[in-house]
Amino acid sequence: MAIDRFGRRIHYLRISLTDHCNLRCVYCMPEDQVFRPNADLMQDDEILLLTRLFADLGFDKIRLTGGEPTVRAHIVEIVRGITSTPGIRSLSMTTNGVLLSRLARPLKDAGLQRVNVSIDSLNPDKFKRLTRWGKLEDVWKGILAAEEVGLTPVKLNAVVVKGYNEEDVIDLAALTIDRPWQMRFIEMMPFAGVTDLQTGQLITAANIQEKIEAEFGQLETSHEYDGEARIFRIPGAKGEIGFISSVTVPFCSACTRARLTQDGVLRMCLLREKEIDLLTPLRNGAMLDDLRDMILQGVWEKPWGHGLADGIIPLNRAMNEIGG
Ligand code: SAM
């Protein structure tokens, strides 16, 4: 079992399958972002081998992310390989949804259980401005396809950015009135690449909640968390609203996560620079027991939390190079 020095049992692994993406969201990366060559990414067999090592250590929950996980070649086979790994009981994916209308069925058949789809606005022009290259219609079709094949409950993610979509939170929240979806509003976090925008145009979760309550009245709360999201409901609505306030009200004490970046590096906190390279030793023929020890040591040294309140911003990677 993987336990850190604060007694947290770490059992949730987020695997980034690629840093490549078919969108260029303004809060994630610069438009001219340079991606890693494919040879630097974990190959399919390396992903599955590392998954087995993590599963041996008690990791039972995996989320695939990126970059954009659906642009990864052999994505369906990778999903099948992970779901058939002994010990893995939950596999989900965070995606921009662009390719989901055709991939939802094969991914579901391969064992994927749920998706979180990013959708920052329901206005096609604003959606395009935020994603630079995205067509809202493609994502909407992807969300409906996910629901139809049972990649449920459908969860939607919106990063709220001053000057881009702060007024759109009303339409997004209204989606939950008639649909059993969870609409999650995320505070923008700072990384390399577009740090000025990320720090200068932050809208806090409290501010988003105020806007939503001004429109729909006070939200009902059970004071429950779903992962990192505090969960609320518009009175009488079928779905839920979540707030992920990683910047202003961090949930670090309850964090059970580790991240494996697309280049095979273990990162124990999204917002800390420290990393442990697993892929190079694996390619150099390291014994599996040695790799397990490296993972256990990394887990043990997991930082208590991020340092944003002290002005510490992780600048060694852009968001798409870590995996959200
Ligand atoms: N491409 C996929 C997607 O769009 O969902 C997966 C990768 S993306 C990095 C994962 C999540 O991180 C998305 O919900 C995205 O909106 C969010 N994200 C990206 N940059 C962020 C930032 N600076 N702060 C907070 N969330 C961010």
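Points worth noting:
- Violating pairs (Cα-Cα greater than 22 angstrom) within the set Lys108/Lys135; Lys162/Lys211; Lys108/Lys155; Lys108/Lys238; Lys126/Lys162: Lys108/Lys135; Lys108/Lys238
- In whole percents, the pair-distance distribution calculated for segment 154-228 from its alpha-carbon pairs, binned every 10 Å from zero, is 17, 49, 27, 6.
- Across all Cα atoms of segment 100-243, the radius of gyration (one decimal) and Dmax (whole number) stand at 15.3, 43 Å.
- Think of the chain as a dipole: +1 on every Lys or Arg Cβ, -1 on every Asp or Glu Cβ, centred on the Cα centre; then among Val161, Ile295, Gly66, Ile295 lies furthest on the positive end.
- Separation of segment 191-244 from segment 116-154 is 18 Å, based on Cα centroids.
- Full extension of the chain between Asn38 and Ile170 gives 43.5 nm of extra length, using 0.36 nm per residue less the Cα-Cα distance.
- Per-residue ³J(HN,Hα) for segment 242-252, Karplus 6.51 cos²θ - 1.76 cosθ + 1.60, θ = phi - 60°, Hz, x for Gly and Pro: x, 10, 10, 9, 4, 8, 8, 9, x, 10, 4
- Cα-based shape type of segment 248-301, given that a ≥ b ≥ c are square roots of the gyration tensor eigenvalues and the cut on a/c is 1.5: prolate
- Beta bridges by DSSP in segment 100-249, antiparallel share as percent, to the nearest 5: 40
- Normalised by 2.2 N^0.38 Å, where N is the number of residues, the alpha-carbon radius of gyration of the chain equals 0.95.
- Per-residue 3J(HN,Hα) values for segment 30-45, derived from phi via the Karplus relation 6.51 cos²θ - 1.76 cosθ + 1.60 with θ = phi - 60°, read x, 5, 9, 3, 9, 9, 6, x, 4, 5, 7, 7, 4, 7, 4, 5 Hz in sequence order (x marks Gly and Pro).
- When both bridge partners sit in the chain, DSSP labels roughly 30% of those beta bridges antiparallel.
- Between Arg89 and Asp310, full extension at 0.36 nm per residue minus the direct alpha carbon distance yields a gain of 75.9 nm.
- Cross-link partners of Lys274 among lysines, defined as those whose alpha carbon lies under 18 angstrom from its own and excluding same-chain residues fewer than eight positions apart: Lys302.
- With both labels modelled 7 Å from their Cα along Cα-to-Cβ, the Thr195 to Arg272 distance reads 1.9 nm.
- Taking N as its residue count, the alpha carbon Rg of segment 185-324 over 2.2 N^0.38 Å: 1.27
Each value in this text was obtained by applying a stated rule to the coordinates, not by laboratory testing. Note that the structure is predicted; figures quoted are calculated from it, not measured. Methodologically, a virtual Cβ is constructed for each residue, glycine included, from the backbone with ideal geometry; neighbour enumeration extends over all protein chains shown.
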